[in-house]
Amino acid sequence: MSIWPLEAVCTGTARPFNGAELSAITKRAREGAVQVLEEGLAPDEQADRSVHGGPEMALHLYPLDHHTWWRGIIGDHPALDEPGGFGSNLAVSGLTEDMVNIGDRFRLGTALIEVSQPRQPCWKIEHRFGHKGMVAQIIESGRSGWYFRVIETGLVAAGDSLERIAIGAESWSVARVFRALVAGKASPEELAALAELAPLSPKLREKAAIRLGSPTI
């Protein structure tokens, strides 16, 4: 299949971010082996567990390729030099949303992980970078990043490989699912298909079913 070098493994802790708000969006590169557990890297934190973290959003990958694109949009920013600048746990180049399908499986160090859903952007990205309009830019461009669930726990370190070992739903790239469900451009036929797409996270399958007018799954 295909192999991508893992340039960094990044984790963070919940810290004061905006007044009383906490966030762990600032992820720092780790040295040595890191545990990959069912709910993500250990240690790693998410401040708001209602919208981040958990088994369906255990690991986040935001493509390093997008950092260069963002420099053309917002100019230089120190966070664009950080591999985990967008809250990404895994720093990889050469792999983007149109190249990855829901349900694709990857060997990550000794762990096995599976693509579960696109990332939906929130205001914390704009606050982190000090630029309004970034969420709208992500929705328009589809530069969302995505989440993995963990199928087999293991260990991972910078310098290991991210190796795709199985193809999931070939018709449903992360880019297409993001455009359909987050950008809101799904046809009724697409919504029906997404509501039944087994490898897609239950939360997004439910979202598709609700938009279609079907009973909640």
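Structure above, values below:
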item	result
Sole residue being in contact (Cβ under 8 Å) with a residue 40 or more places away in the chain, in a helix (DSSP H, G or I) and either of a type in the set (A, V, I, L, M) or more than 26 Å from Glu7 (Cβ to Cβ) (or both), chosen from Val150, Val177	Val177
Breaking point among (1) assigned to a loop (DSSP other than H, G, I, E, B); (2) more than 30 Å from Ala42 (Cβ to Cβ); (3) not basic (Lys, Arg), for Ser144	(2)
Meets criteria (of a type outside the set (Gly, Ala, Ser), without any contact (Cβ under 8 Å) to a residue 40 or more places away in the chain and part of a helix (DSSP H, G or I)) for Ile73	no
Those residues of the range 93-141 which are outside any helix (DSSP H, G or I) and among the hydroxyl-bearing types (Ser, Thr, Tyr), in sequence order	Ser93, Thr96, Thr110, Ser116
Qualifying positions in the range 161-185 - among the hydrophobic types (A, V, I, L, M, F, W, C) and either under 14 Å from Asp104 (Cα atoms) or touching a strand residue (DSSP E or B) at 6+ places or on another chain (Cβ under 8 Å) (or both)	Leu162, Ile165, Ala166, Ile167, Ala169, Trp172, Val174, Ala175, Val177, Phe178, Leu181, Val182
Among (1) closer than 26 Å to Thr13 by Cβ; (2) in contact (Cβ under 8 Å) with a residue 24 or more places away in the chain - the single one Glu126 does not satisfy	(2)
Any hit, the range 165-174, residues being part of a helix (DSSP H, G or I), at negative phi and touching a residue at least 60 places away in the same chain (Cβ under 8 Å)	yes
Given (1) within 12 Å of Leu162 (Cβ to Cβ); (2) acidic (Asp, Glu); (3) modelled with pLDDT under 95, index of the condition Glu126 fails	(1)
Selection status of Gly145, touching a strand residue (DSSP E or B) at 6+ places or on another chain (Cβ under 7 Å) and within 23 Å of Gly85 (Cα to Cα)	yes
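Residue-by-condition table, conditions (1) at pLDDT below 95; (2) surrounded by 14 or more Cβ atoms within 10 Å (Cβ to Cβ); (3) in a loop (DSSP other than H, G, I, E, B):
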| residue | (1), (2), (3) |
| --- | --- |
| Trp4 | no, yes, no |
| Glu45 | yes, yes, yes |
| Arg49 | yes, no, yes |
| His52 | yes, yes, yes |
| Pro63 | no, yes, yes |
| His66 | no, yes, no |
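The values are calculated or read from the model by the stated rules, or taken from the named source; none is laboratory data. Computed from a predicted structure; not experimentally measured. When we count neighbours, we look across all protein chains shown, and the Cβ atoms used for this are built from the backbone with ideal geometry, even at glycine.
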